[in-house]
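Engineer: The structure is given below, and queries will be raised subsequently.
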Amino acid sequence: VQLQAYGGGLVQTGDSLRLSCAASGGTYAMGWFRQAPGKDREAVATISWRGGLKYYADSVKGRFAISRDNAENLMYLQMNNLKPEDTAVYYCAAGTLESGNLRPSYWGQGTLVTVSS
């Protein structure tokens, strides 16, 4: 499975941005991770194959929304009310869902999101 993330950019605090991830195929749970400078990669949001199960990191609950369109092999991350601490490289991943956590088997390249204060 090949994944390609895109949609990052430079925005201001309070702005919105939507990330997209194009997949080459497969029937996997998918998710978004992010890695800020000097920090470990962390899970942001996860979605099951059919989209019925969604999980979010506490830091983004109520602001971010994950969705997918299996007919188009696309996954999205709608990010609202962005904060400077959301600044990171965002990665999409595909794999298996285990107790609400995505165990990635495939990674896309990252897309940089920068939120200015």
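The values are calculated or read from the model by the stated rules, or taken from the named source; none is laboratory data. Small disclaimer: the values here were computed from a predicted structure and weren't measured. So basically every Cβ, Gly included, is an ideal-geometry build from the backbone, and we count neighbours across all protein chains shown. Note: areas computed on protein heavy atoms with side chains; ligands, DNA, RNA excluded. Shrake-Rupley method; radii C 1.70, N 1.55, O 1.52, S 1.80 Å.
Engineer: Looking only at residues in region 66-93 that are without any contact (Cβ under 8 Å) to a residue 12 or more places away in the chain and of a type in the set (D, E, K, R), which one is least open to solvent (accessible area, probe 1.4 Å)?
Structural biologist: Filtering first and then ranking leaves Asp69.
Engineer: Only residues that are farther than 14 Å from Lys83 by Cα and open to solvent by less than 50 Å² (accessible area, probe 1.4 Å): list them for region 9-31, please.
Structural biologist: If the condition is that a residue be farther than 14 Å from Lys83 by Cα and open to solvent by less than 50 Å² (accessible area, probe 1.4 Å), then Leu19, Ser20, Cys21, Ala22, Ala23, Gly25, Gly26, Ala29, Met30, Gly31 are the ones that fit.
Engineer: Just to be sure I understand, how many residues within region 25-63 are among the small types (Gly, Ala, Ser), within 19 Å of Ser105 (Cβ to Cβ) and touching a residue at least 40 places away in the same chain (Cβ under 8 Å)?
Structural biologist: Of the residues in region 25-63, 6 are among the small types (Gly, Ala, Ser), within 19 Å of Ser105 (Cβ to Cβ) and touching a residue at least 40 places away in the same chain (Cβ under 8 Å).
Engineer: Name the pairs whose Cβ atoms lie under 6 Å apart, with the first residue in region 3-17 and at positive phi, the second in a strand (DSSP E or B) and open to solvent by 30 Å² or more (accessible area, probe 1.4 Å), and 6 or more positions between them or separate chains?
Structural biologist: Cβ pairs passing all conditions: Gly7/Arg18.
Engineer: When you go through Arg41, Arg34, Arg63 one by one, which is the residue that is open to solvent by less than 30 Å² (accessible area, probe 1.4 Å), closer than 21 Å to Gly100 by Cα, charged (D, E, K, R) and touching a Phe, Trp or Tyr at 6+ places or on another chain (Cβ under 7 Å)?
Structural biologist: Numbers: Arg41 fails: open to solvent by less than 30 Å² (accessible area, probe 1.4 Å); Arg63 fails: touching a Phe, Trp or Tyr at 6+ places or on another chain (Cβ under 7 Å).
Every option except Arg34 fails the conditions.
Engineer: Looking at Ser48 and the list (1) at pLDDT 95 or above; (2) open to solvent by 20 Å² or more (accessible area, probe 1.4 Å); (3) among the polar types (S, T, N, Q); (4) over 11 Å from the mean Cα position of the chain (by Cα), which single condition is not satisfied?
Structural biologist: So the condition that Ser48 fails would be (2).
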